[in-house]
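Report on the structure given below.
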Amino acid sequence: MLVSAKDMLVKAKEGHYAVGQFNINNLEWTKSILLTAEELKSPVILGVSEGAGKYMTGFTTVAAMVKAMDESLGITVPVALHLDHGTYEGCYKCIKAGFTSIMFDGSHYDIEENVAKTSELVNVSHQLGLSIEAEVGSIGGEEDGVVGMGECADPDECKRIADLGVDMLAAGIGNIHGKYPEGWPGLRFDVLDAIQQKTGIMPLVLHGGTGIPADMIKKAITLGVSKINVNTECQLSFADATRKYVEAGKDLEGKGFDPRKLLAPGAEAIKGTVKEKMELFGSVGKA
């Protein structure tokens, strides 16, 4: 059964660990992440960007697949189906489709419009039992064609958004989506600490989890980060394993061209990456 992310993140904040959000891109991604979460008895959040949702023919298709797979695999751990970096319109589409959690990314609006739209979506989400994430300060890198430079959020603006009643808050602290470039200066823990001081018990979210050193991840968790997003790392693992399968000529052996066989090494690689991250985040055995 799918649940909102609220309770799992409150527990994570209190227990000083983080729950991983792993973005899904197709059936293999979803299956690998769910099976790994069940094996490790870890709560998990399945993230869906608007681009991935469109690729999978719409949010209704995604929600139906995830709900059916959760049931057919006998998953017992808490699973949230979450819109990642949602537009105002996208949030309503996911609410209608049956998602259990949404993220409204109003970081590109001025603070007044961000506050107004976030406030509206908080009221709608909570009436329906969904959890909601908001963002302050653009996260660096590229996300579905939107490029940000990794600015740091204003702690006072973070408090203003947090006070609207959102369940989790993504704040820019120098983090970047995708691969981190050479010379990246690292996370701004002074900014994260200031945000934590202003927002109190609010679970904080770290986007761009791929490529951040383990010691930085652990320190961020001690400063209130309770949800960490991972996407690129799973994609890289999948691509590497698939490449090796083809380069070894496995697709030419017998029925190695069968997509179930062709995609199997990549699906196993995703499991390995998810397991590694869940262990790093401290969520193993917390379901």
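The values are calculated or read from the model by the stated rules, or taken from the named source; none is laboratory data. Here the structure is a predicted model, which is why all the values come from computation and not from measurement. Reconstructed Cβ throughout: ideal geometry from the backbone, glycine too, with neighbour counts over all protein chains shown. Note: accessible area is taken over every heavy atom of the protein model, side chains too, but ligands, DNA and RNA are not part of it. Shrake-Rupley method; radii C 1.70, N 1.55, O 1.52, S 1.80 Å.
Things to note:
- Filtered by the rule that a residue be assigned to a helix (DSSP H, G or I) and open to solvent by less than 40 Å² (accessible area, probe 1.4 Å), region 1-14 gives MET8, LEU9, ALA12, LYS13.
- Condition broken by LEU206, with the remaining ones in (1) under 17 Å from the mean Cα position of the chain (by Cα); (2) within 24 Å of ASN123 (Cβ to Cβ); (3) modelled with pLDDT of 90 or more satisfied: (2)
- Residues located in region 23-55, provided they are among the β-branched types (Val, Ile, Thr) and either outside any helix (DSSP H, G or I) or open to solvent by 10 Å² or more (accessible area, probe 1.4 Å) (or both): ILE24, VAL44, ILE45, VAL48
- ALA220 vs. criteria at pLDDT below 95 and under 17 Å from the mean Cα position of the chain (by Cα): yes
- In region 238-260, the residues that are open to solvent by less than 70 Å² (accessible area, probe 1.4 Å) and under 26 Å from the mean Cα position of the chain (by Cα): PHE238, ALA239, ASP240, ALA241, THR242
- Count of residues meeting criterion [β-branched (Val, Ile, Thr), modelled with pLDDT of 95 or more and touching a Gly at 6+ places or on another chain (Cβ under 9 Å)] in region 122-136: 2
- Meets criteria (open to solvent by less than 50 Å² (accessible area, probe 1.4 Å), within 19 Å of GLU38 (Cα to Cα), in contact (Cβ under 8 Å) with a residue 24 or more places away in the chain and assigned to a helix (DSSP H, G or I)) for THR273: yes
- Enumeration of residues in region 63-97 that are part of a loop (DSSP other than H, G, I, E, B) and open to solvent by less than 20 Å² (accessible area, probe 1.4 Å): ILE75, VAL77
- For region 137-196, the strands (runs of 3 or more DSSP E) that sit wholly inside it and include 2 or more residues that are modelled with pLDDT under 90 and buried (at least 20 other Cβ atoms within 10 Å of the Cβ) are 141-143.
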